[in-house]
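Structure, as structure tokens:
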Amino acid sequence: MKKYKNLAIAIAIISLVSSCKVIENKSDKTTTNTLSFIKTKGTQLVDVNGDSLILKGTNLGHWLVPEGYMFKMNQVNSPRKIDEMLYELVGPDSLQVFWQGFLNNYITQDDIKYLKSIGSNHIRLPFHYKMFTDDLYMGERNAGFKYFDRLIDWCRQEKMYVLLDMHGAPGGQTGDNIDDSYGYPFLFKSKSSQDLMTEIWVKIAEKYKNEPLIIGYDIVNEPIAHYFNDELPYLNHQLFLLYKRIVTEIRKVDKAHTIFLNGSNWSGNFDVFEEIIDDNVVYEFHKYWFEVNQGAIQQYLDFRDKHQVPIYIGETGENTDEWVNDFRILLDKHEISWAFWPYKKMNNLAGIMNFKEPEDYHLITKYADSDRSSFAKMRENRPDILKIQKALNDYLENSLYKNNFPNKGYVKALNFIVD
């Protein structure tokens with residue numbers, strides 16, 4: 001009887017999680033798309049009429065590349081480790097249903113409508129390369145275009161641009177948690193990884209070559225962490241060669257879209273750009289946690305003026321409303337396009353959108369930070385599965401737009417519209 005009782009509980013758990021799935025908004029899909037291809041012209045981005053465009057928006061962080069700190073975890077901090085830890089807590093079936101609910105709930109058409117309504121004109125979409133492979137990732141295989149197309153359709157109806165950002169590359173580009181790597185940026189020493197990365201970008205470019213809603217291709221996020229500065233000259237050169245190869249291959253199938261290239265050292269070091277390799281490229285930097293002043297961005301302004309190319313800050317923020325306001329004013333003063341990080345967080349004010357942390361959710365974070373070095377320790381530290389499942393169900397429900405609430409001070413700091 002105990003075996004059948006446990007089976008009944010498991011079925012009930014899966015049914016409860018499934019109830020949290022959001023139904024897609026099936027509103028009119030015939031909305032006229034008035035957005036045009038964007039290209040570079042000197043230091044500006046311009047549309048087909050030659051009118052300049054300054055990008056202002058946010059990153060859909062955590063949605064397609066889960067991050068430990070967004071789940072309130074410390075040691076469990078990469079997609080691979082998060083998946084493994086949740087598997088230990090609820091097992092494979094409930095885990096798959098959780099990921100499906102997460103993908104359906106965390107970002108919906110309502111989120112895109114809201115971002116448009118407050119004044120955002122684009123979103124930067126981080127994604128993991130495994131979404132374009134047979135690897136099981138967030139419960140699915142080869143699901144990249146499924147979620148890209150869904151988001152593009154929503155953005156088309158709202159007339160918002162999308163920047164596709166490969167946040168996790170084959171082999172790992174940082175050697176840290178954010179790209180799901182293994183402690184070293186093996187991308188730059190692995191031919192097979194570089195081949196796969198190039199293949200994925202060409203596949204993406206082939207599919208979207210005629211889609212003006214895509215503002216561009218952000219080739220790789222924050223390559224080469226500072227931990228490897230003793231190898232930086234070598235790694236920088238390898239990154240430059242990889243950029244040159246991928247841009248060349250993309251241009252064989254797509255000559256229209258703008259390409260975004262990150263500096264090295266978490267996107268802050270522009271020494272990697274040995275030469276200008278294409279006439280339709282935006283040069284991207286990221287910058288966090290510094291004193292806001294002209295000197296903080298001067299090197300990027302100098303690069304822009306010297307080479308007559310546009311620059312873009314693809315990530316910044318994670319700070320107080322006052323800091324965000326001051327930095328946003330400085331960026332606007334110099335007509336620098338920007339996307340602040342991130343759009344949505346749980347129980348956190350450093351972002352546009354917020355949602356409530358579920359009751360008993362602390363049991364998940366406590367387990368994530370516990371000793372899980374042996375099976376005996378896993379069994380010893382594993383909390384009550386029903387409490388964990390309810391906390392995960394509540395997380396899915398709370399993350400839905402209808403249950404979110406904006407951080408009004410943060411929204412105002414971005415000079416967006418506050419309801």
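The values are calculated or read from the model by the stated rules, or taken from the named source; none is laboratory data. Here the structure is a predicted model, which is why all the values come from computation and not from measurement. Here the Cβ is made from the backbone with ideal geometry for all residues, glycine too, and neighbour counts use every protein chain on show.
Search the range 116-137 for residues that are among the small types (Gly, Ala, Ser) and pair each with any residue that is assigned to a loop (DSSP other than H, G, I, E, B) and modelled with pLDDT of 95 or more when their beta-carbon atoms are under 6 Å apart and the residues are at least 6 apart or on different chains.
Close Cβ pairs satisfying both conditions: GLY119/PHE416; GLY119/ILE417.
ASP279 versus (1) of a type in the set (D, E, K, R); (2) assigned to a helix (DSSP H, G or I); (3) surrounded by fewer than 20 Cβ atoms within 10 Å (Cβ to Cβ); (4) in contact (Cβ under 8 Å) with a residue 40 or more places away in the chain: which is the lone unmet condition?
Tallying (1) of a type in the set (D, E, K, R); (2) assigned to a helix (DSSP H, G or I); (3) surrounded by fewer than 20 Cβ atoms within 10 Å (Cβ to Cβ); (4) in contact (Cβ under 8 Å) with a residue 40 or more places away in the chain, ASP279 fails exactly one: (2).
When the residues of the range 206-220 are narrowed to those that are under 17 Å from PHE132 (Cα atoms) and surrounded by 24 or more Cβ atoms within 10 Å (Cβ to Cβ), which ends up farthest from the chain's Cα centre (by Cα)?
Of everything passing the filter in the range 206-220, ILE219 is farthest from the chain's Cα centre (by Cα).
Could you check how many residues of the range 408-418 are under 19 Å from ASP110 (Cα atoms) and in contact with a helix residue (DSSP H, G or I) (Cβ under 8 Å, 6 or more places away or on another chain)?
Of the residues in the range 408-418, 4 are under 19 Å from ASP110 (Cα atoms) and in contact with a helix residue (DSSP H, G or I) (Cβ under 8 Å, 6 or more places away or on another chain).
Yes or no, residue by residue, for (1) free of Cβ contacts under 8 Å to residues at least 24 places away in the same chain; (2) out of contact with any strand residue (DSSP E or B) (no Cβ under 7 Å at 6 or more places or on another chain); (3) surrounded by 14 or more Cβ atoms within 10 Å (Cβ to Cβ); (4) on the phi < 0 side of the Ramachandran plot:
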position: LEU349; (1), (2), (3), (4): no, yes, no, yes
position: TYR367; (1), (2), (3), (4): no, yes, yes, yes
position: LYS377; (1), (2), (3), (4): yes, yes, no, yes
position: GLU380; (1), (2), (3), (4): yes, yes, no, yes
position: LEU396; (1), (2), (3), (4): no, yes, yes, yes
position: GLY409; (1), (2), (3), (4): no, yes, yes, yes
position: LYS412; (1), (2), (3), (4): no, yes, yes, yes
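If you take the residues in the range 307-330 that are of a type in the set (A, V, I, L, M, F, W, C) and buried (at least 18 other Cβ atoms within 10 Å of the Cβ), which one is nearest to PHE270 (Cα to Cα)?
The qualifying residue nearest to PHE270 (Cα to Cα) is ILE311.
Only one of (1) over 15 Å from LEU187 (Cα atoms); (2) assigned to a helix (DSSP H, G or I) is not met by PHE228, so which one is it?
That leaves (1) as the condition not met.
With the condition kept exactly as written, say whether any residue in the range 243-250 is in contact (Cβ under 8 Å) with a residue 12 or more places away in the chain and within 21 Å of LYS41 (Cβ to Cβ).
Yes; the residues of the range 243-250 include at least one that is in contact (Cβ under 8 Å) with a residue 12 or more places away in the chain and within 21 Å of LYS41 (Cβ to Cβ).
I'd like to check which strands (runs of 3 or more DSSP E) are fully inside the range 36-96 and have at least 2 residues that are closer than 29 Å to MET353 by Cα and touching a Pro at 6+ places or on another chain (Cβ under 8 Å).
Answer list for the range 36-96: 56-59.
Can you tell me which condition LYS345 does not meet? The list is (1) under 30 Å from VAL162 (Cα atoms); (2) assigned to a helix (DSSP H, G or I), and all the others hold.
Failed condition: (2).
Do the conditions hold for PHE260, that is, is it buried (at least 22 other Cβ atoms within 10 Å of the Cβ), farther than 18 Å from ASN221 by Cβ and at pLDDT 95 or above?
Judged against the criteria, PHE260 is not a match.
Given the conditions (1) part of a helix (DSSP H, G or I); (2) under 23 Å from LYS39 (Cβ atoms); (3) of a type outside the set (S, T, N, Q), and given that TRP323 satisfies all but one, which numbered condition is not satisfied?
(2)
If we keep just the residues of the range 354-395 that are among the polar types (S, T, N, Q) and either in contact with an Asp or Glu (Cβ under 6 Å, 6 or more places away or on another chain) or not in a helix (DSSP H, G or I) (or both), which is farthest from ASP111 (Cα to Cα)?
Looking at residues that are among the polar types (S, T, N, Q) and either in contact with an Asp or Glu (Cβ under 6 Å, 6 or more places away or on another chain) or not in a helix (DSSP H, G or I) (or both), I get SER374.
Taking the condition assigned to a helix (DSSP H, G or I) and of a type in the set (A, V, I, L, M, F, W, C), does TRP338 pass?
The answer is no for TRP338.
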